[in-house]
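The next block holds one structure in the form of structure tokens; read it before the comments.
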Amino acid sequence: MTQDVTVPPIAPPPESALRDERRADRLDRIVGTVQRQGALAVLVLVAAIGFAAFPNFRSLANAETILISAAPLALIALGMTFVIITGGIDLSVGSLYVLGGVVAAYASQWGVLAAFLAPLLLCGAFGVVNGVLVAYTRMAPFIVTLAALLGARGLMRALSNEGSETYLVRSEAFRAFGSGEFLGLAYPVWLALALFAGGAVLLGRTRFGASVYAIGGSEDAARLMGVAVRRTQVNVYVLSGLLAGLAGAVNAARLGSGVTVIGVGVELDAIAAVVIGGTLLTGGAGTVAGTIAGVLLLGVIQNLINQVGSVNISWQQVISGAFLAVVVVVQTYLTRLRRIQ
Amino acid sequence: MTLLEVAGVSKTFPGVRALDDVSFALQPGEVHALVGENGAGKSTLIKVLTGVYQPDDGAVRYRGEPVSFGTPLDAQRAGISTIYQEVNLVPLMSVARNLFLGREPRNALGLVDERRMNREAADVLTRYGVRTDVRRQLGTLALGAQQMVALARAVMVDAKVVIMDEPTSSLEPREVETLFGVIRDLHAQGIGIVYVSHRLDELYQICDRVTILRDGRVVHTGPLEELERIRLVSLMLGRDMAEVRREGVTGFTGEHEVQGAQPVLRAAGLRNRHKLHGVDLAVRPGEVVGLGGLLGAGRSETLKAIGGALPLDEGTVEVAGAPLRRRTSVGAVKAGIALLPEDRKAEGIVPSLSVRENIALAVLPRLSRLGLVSEKKIDTIVERFMTRLRIKASSPHQRVGDLSGGNQQKVLLARLLATAPKVLLLDEPTRGIDVGAKAEVQALVDELAAEGLGVVLVSSDAEELIEGADRVVVLRDGVVVGTLDGADVSTEGLLRTIAAASSAAASAATQEEAS
Ligand SMILES: Nc1ncnc2c1ncn2[C@@H]1O[C@H](COP(=O)(O)OP(=O)(O)OP(=O)(O)O)[C@@H](O)[C@H]1O
Ligand SMILES: [Mg+2]
């Protein structure tokens with residue numbers, strides 16, 4: 001398909017210029033690596049401290065606890081990663097997560113398949129509405145998904161009799177999914193791992209992923225370059241809604257009921273995990289691998305604070321918040337460094 | 001058969017009739033120049049042709065068939081490749097990703113084959129003189145290199161029509177040659193090309209036909225050869241040939257009166273590890289000093305260093321005898337240095353604010369007394385700059401982001417001039433600005449110099465540099481290699497100094513090797 005264009009020979013640039021180019025290439029690569037892998041490095045560091053300081057942290061059982069409690073947040077954060085890279089935000093995922101849990105528990109009376117499908121359909125539908133409004137009316141994602149947050153919360157309350165009724169999971173198979181293990185890891189952890197692998201391929205190795213980055217980098221340029229901007233936007237919000245619903249289902253399976261009182265502020269935890277994982281809040285850059293590191297970092301911090309015991313649990317949020325602030329400052333600095341050279 | 005054609009097309013934006021009953025036809029294998037003042041409607045016509053805008057009225061025909069492209073993608077699929085004027089690529093994505101966006105090579109599983117993509121990107125780009133790691137973020141490349149990537153992207157696919165909206169505005173002469181090589185090649189293959197530029201020399205070098213737009217209407221269309229340059233300008237501006245002739249090539253009047261011997265700007269020993277190796281510069285009040293040299297000589301870097309936008313390892317900058325202590329952009333502005341940077345997209349104007357608000361932002365510190373500002377005073381200043389620079393807007397309250405590319409440049413320039421600085425650093429001040437307004441900008445620079453400002457001018461337009469500057473300091477690889485004074489300030493003088501420096505450097509290099 002390439003056209004054969006002969007370009008007149010160009011005098012090679014002076015050696016000094018080439019040297020500068022190579023130096024710039026190298027610097028850019030280093031800064032890029034720090035941006036992408038910073039969260040992983042911090043995670044390893046914090047885990048190492050935990051290993052040295054707390055005997056209980058070292059146990060395999062504890063590692064499993066960290067993973068299983070991180071799984072729902074991981075799923076939500078995966079969808080959020082896509083949304084944020086397009087330059088958007090999805091505030092509705094916290095409500096959808098709770099709604100998904102309630103619906104899954106309720107639908108479990110019709111079997112395990114229904115318990116998964118019902119929340120996926122309902123939360124996916126919320127995602128479609130979010131996506132269509134963002135893409136076609138050009139309303140701010142912040143506003144659109146805030147409305148969805150309220151709507152989903154209202155729906156959840158209506159379904160659960162003002163939150164007072166807790167549906168128990170009726171399907172044995174569904175409950176078994178929440179508590180069972182395979183090769184020492186809980187099923188939800190396997191699910192999260194599989195979806196993250198899929199997400200990494202989708203974002204990094206497909207044309208859809210390329211469109212996601214392009215839109216976040218510059219929506220106007222993306223449109224002029226022939227990217228199907230609106231379709232891609234709808235897709236990322238649907239993905240985010242689906243994953244939030246799935247996270248709710250996973251949580252319901254694990255707890256054995258559709259708990260109505262959780263989930264406040266989960267959307268903010270997810271955003272924090274994504275940003276700590278190196279994704280730019282302004283869009284255009286980020287990775288799925290970084291998001292895993294971000295989610296685990298939050299989980300490990302929480303776990304360590306539980307180990308200390310005497311510290312109030314609220315400190316977890318203070319520490320996570322501090323991490324977030326540091327990450328944002330460092331990101332800004334690194335982005336500028338790349339620009340200036 | 002006509003390749004691409006519009007008939008009776010109109011397009012209205014709130015407050016402006018951007019296109020008014022425009023007809024335009026592109027034949028296969030012709031390079032068709034589309035010219036007109038800033039805001040004449042060139043970019044709008046291109047956007048109507050390629051599905052970015054839908055025309056209010058009129059028809060688009062492509063290879064004889066009526067078409068209606070809903071999106072730029074439809075136009076691309078049909079074989080129309082476009083380099084748009086402002087945004088073309090995504091700065092945060094890698095060079096290779098930008099080049100292949102939407103047509104990435106895929107492996108048997110349907111996944112993007114990154115290795116092949118990077119290899120092919122590197123191959124393609126070396127032919128365009130871009131030698132860089134293609135995995136780098138595009139935004140970290142020089143502007144010219146970015147533009148070459150956009151060019152490569154447009155030409156890579158099997159296009160029947162290639163449209164270029166001011167492709168050369170951020171290119172250096174060497175890169176322009178590459179572009180022309182590509183255009184000649186496309187021409188030989190029978191591909192139709194639409195070419196927009198404000199640099200008239202280029203049009204006469206490369207174009208066969210010309211269509212002139214004025215205020216959204218076609219005022220002339222025909223072979224370019226038969227059209228005298230001065231007549232082209234008079235048609236564009238809608239003024240008499242005699243009047244145009246009298247005004248001459250540039251708006252500069254020649255020598256300036258240098259006031260006082262004390263330099264208003266003195267920079268000494270500017271060093272930045274890779275770019276500058278000890279540059280000295282002194283500008284007296286009322287003097288316009290040009291910086292000459294080739295691509296990579298360190299002209300823009302010198303300006304940025306003085307303006308606090310490039311970190312320095314060593315060196316001092318004094319304004320009116322007082323050394324700058326804080327070496328930041330803010331510190332420089334406070335000291336009275338105004339910098340018009342080369343890359344206009346990143347900084348400068350606020351697109352979502354109006355023309356008036358943008359200019360007001362710049363003059364507020366100067367006009368406000370006890371936090372109060374006279375609205376009337378602002379209106380007067382805004383009015384003055386809008387008429388002087390011929391900023392074409394439906395009103396002072398129009399959003400800057402909706403102005404034509406050239407008019408955005410003018411607002412940026414107005415903002416800078418309105419700050420009443422002591423030192424003005426201008427990097428390519430007339431880039432993207434039409435011939436009429438160009439002379440106005442140059443006259444304005446003259447006037448400011450006469451008021452006692454010190455001006456440093458960088459321009460890839462040799463005429464502008466020679467006629468505008470009283471003195472030209474020639475740079476090469478980040479060092480000063482000569483200064484042209486008085487009668488020496490001429491194109492020949494400039495070329496001679498650059499050539500002498502090159503051969504000196506070459507012989508120094510051979511000596512080094514020999515020893
Ligand atoms: N999106 C928009 N909204 C409102 N007005 C617009 C918009 N786009 C263009 N215009 C107006 O339409 C007119 C034509 O603009 P256009 O960009 O086509 O000019 P141009 O010939 O390309 O100028 P330049 O040489 O400066 O690029 C201008 O008056 C501009 O203000
Ligand atoms: Mg234009």
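Nothing in this text is a laboratory measurement; each read-out follows from the coordinates by a stated rule. These numbers come from a predicted model, not from an experiment. For neighbour counting, all protein chains shown are included, and Cβ atoms are generated from backbone atoms with ideal geometry for every residue, glycine included.
List of remarks:
- For chain A, the relative contact order is 32 percent, taking Cα pairs closer than 8 Å that sit 6 or more residues apart in sequence and dividing their mean separation by the residue count.
- The stretch between B:GLU228 and B:ALA443 holds 74.9 nm of extra length on full extension. This uses 0.36 nm per residue minus the Cα-Cα distance.
- By the rule of a C-alpha distance below 30 Å, with chain neighbours fewer than 8 residues away ignored, the lysines paired with B:LYS334 are B:LYS275, B:LYS304, B:LYS345, B:LYS376, B:LYS377, B:LYS410, B:LYS422, B:LYS438.
- Using a cutoff of 8 angstrom between alpha carbon atoms and counting only pairs six or more residues apart, the relative contact order for chain B works out to 16 percent.
- Projecting label points 7 angstrom from Cα along Cα→Cβ for B:ARG184 and A:ALA53 puts them 7.0 nm apart.
- Spin-label pair B:ASP488-B:LEU367: with each label point 7 Å from Cα along the Cα-Cβ axis, the two points sit 4.5 nm from one another.
- Nearest-ten-degree value, helix B:114-127 long axis tilted from longest Cα axis of chain B: 70 degrees
- Paramagnetic reach from A:ASP220 (point 7 Å along Cα→Cβ, amide N under 19 Å) across region B:14-30: B:14-16, B:18-19
- Where Rh is the Kirkwood radius over Cα pairs, Rg/Rh for region B:4-237: 0.98
- From least to most packed, judged by other beta carbons within 10 angstrom and beginning with the fewest, B:LEU19, B:LEU303 follow the order B:LEU303, B:LEU19.
- Shielding of peptide B:101-109 by partners, expressed as the average count of other chain Cβ atoms within 10 Å per residue Cβ, is 4.
- Convex hull volume per residue in cubic angstrom - Cα atoms of region A:71-289: 103 Å³
- Entry note, region B:1-92: relative contact order of 30 percent, from Cα contacts under 8 Å with a spacing of 6+ residues.
- A Cβ-based charge dipole, computed about the Cα centre of region B:159-205 with Lys and Arg at +1 and Asp and Glu at -1, lands at about 200 debye.
- Based on alpha-carbon atoms, the Kirkwood radius and the radius of gyration of region B:440-496 give Rg/Rh equal to 0.98.
- With Cα atoms, 0 to 90° folded angle of helix B:173-188 axis to chain B main axis: 10 degrees
- For peptide B:289-301, the mean count of partner chain Cβ atoms within 10 Å of a residue's Cβ comes to 1.
- Put a plus charge on the Cβ of each Lys and Arg, a minus charge on the Cβ of each Asp and Glu, and nothing anywhere else: the dipole of chain B about its Cα centre is then about 1600 debye.
- Take each residue of peptide A:106-115, count the partner chain Cβ atoms within 10 Å of its Cβ, and average: the result is 0.
- Karplus-derived 3J(HN,Hα), 6.51/-1.76/1.60, for each residue of region B:47-56, Hz, glycine and proline x: 5, 5, 5, 10, x, 6, 10, 9, x, 6
- Cα-based shape type of region B:346-420, given that a ≥ b ≥ c are square roots of the gyration tensor eigenvalues and the cut on a/c is 1.5: prolate
- Nearest-0.05 FRET efficiency for A:LEU193 and B:GLN205, computed from C-beta distance (R0 56 Å): 0.40
- Residue exposure proxy: B:ILE433, A:ILE262, A:ILE143, ordered by other Cβ atoms within 10 angstrom of their Cβ from fewest to most, comes out as A:ILE143, A:ILE262, B:ILE433.
- Near the amide H of B:GLY278, within less than 5 Å, lie the amide hydrogens of B:LEU270, B:ARG271, B:ASN272, all on another chain or at least 5 residues away, with H placed in the peptide plane.
- Computed about the Cα centre, the dipole magnitude for region B:346-420 is approximately 260 debye when only Lys and Arg (+1) and Asp and Glu (-1) carry charge, each at its Cβ.
- The residue list A:GLY277, A:ALA200, A:MET80 was ranked by how far each Cα lies along the charge dipole of region A:71-289 toward its positive end, using unit charges on Cβ atoms, and A:ALA200 comes out on top.
- Order of A:VAL261, A:VAL250, B:VAL157 under a 10 Å beta carbon neighbour criterion, fewest first: A:VAL261, B:VAL157, A:VAL250
- Distant-in-sequence amide H partners of B:LEU475 (H built 1.01 Å from N, under 5 Å): B:GLY292, B:GLY293, B:VAL481
- Crossing angle, helix A:229-255 versus chain A [Cα axis fit, 0-90 degrees, rounded to tens]: 30 degrees
- Residue by residue, region B:442-457 carries 3J(HN,Hα) couplings of 5, 5, 5, 4, 4, 4, 5, 4, 4, 7, x, 6, x, 10, 10, 10 Hz when phi is fed to the Karplus relation 6.51 cos²θ - 1.76 cosθ + 1.60 (θ = phi - 60°); x denotes Gly or Pro.
- Mean Cβ neighbour count within 10 Å, used as a protection proxy, ranking A:208-214, B:314-320, A:230-236 highest first: A:208-214, A:230-236, B:314-320
- Shape of region A:150-202, Cα gyration tensor, a/c cut at 1.5: oblate
- Signed unit charges on C-beta, dipole axis of the protein assembly as shown, positive-most listed residue A:PHE142, B:VAL330, B:SER68: A:PHE142
- Classification of region B:65-174 by its C-alpha gyration tensor yields an oblate form. The axis ratio a/c (a ≥ b ≥ c) is 1.5 or more, and b/c is at least a/b.
- Shown is the FRET efficiency for B:ALA499 and A:ARG336, computed with R0 = 35 Å from the Cβ-Cβ distance and rounded to the nearest 0.05: 0.35.
- Sum of -39500 (n - 2.57) over DSSP H runs of 4+, divided by residues of chain A (222 nm, nearest 500): -25500 deg cm²/dmol
- Estimated purely from DSSP H runs of n ≥ 4, each contributing -39500 (n - 2.57), the mean residue ellipticity at 222 nm for chain B is -11000 deg cm²/dmol once divided by its residues.
- Cα→Cβ-extended label distance, 7 Å offset, between B:SER23 and A:LEU121, nm: 5.9 nm
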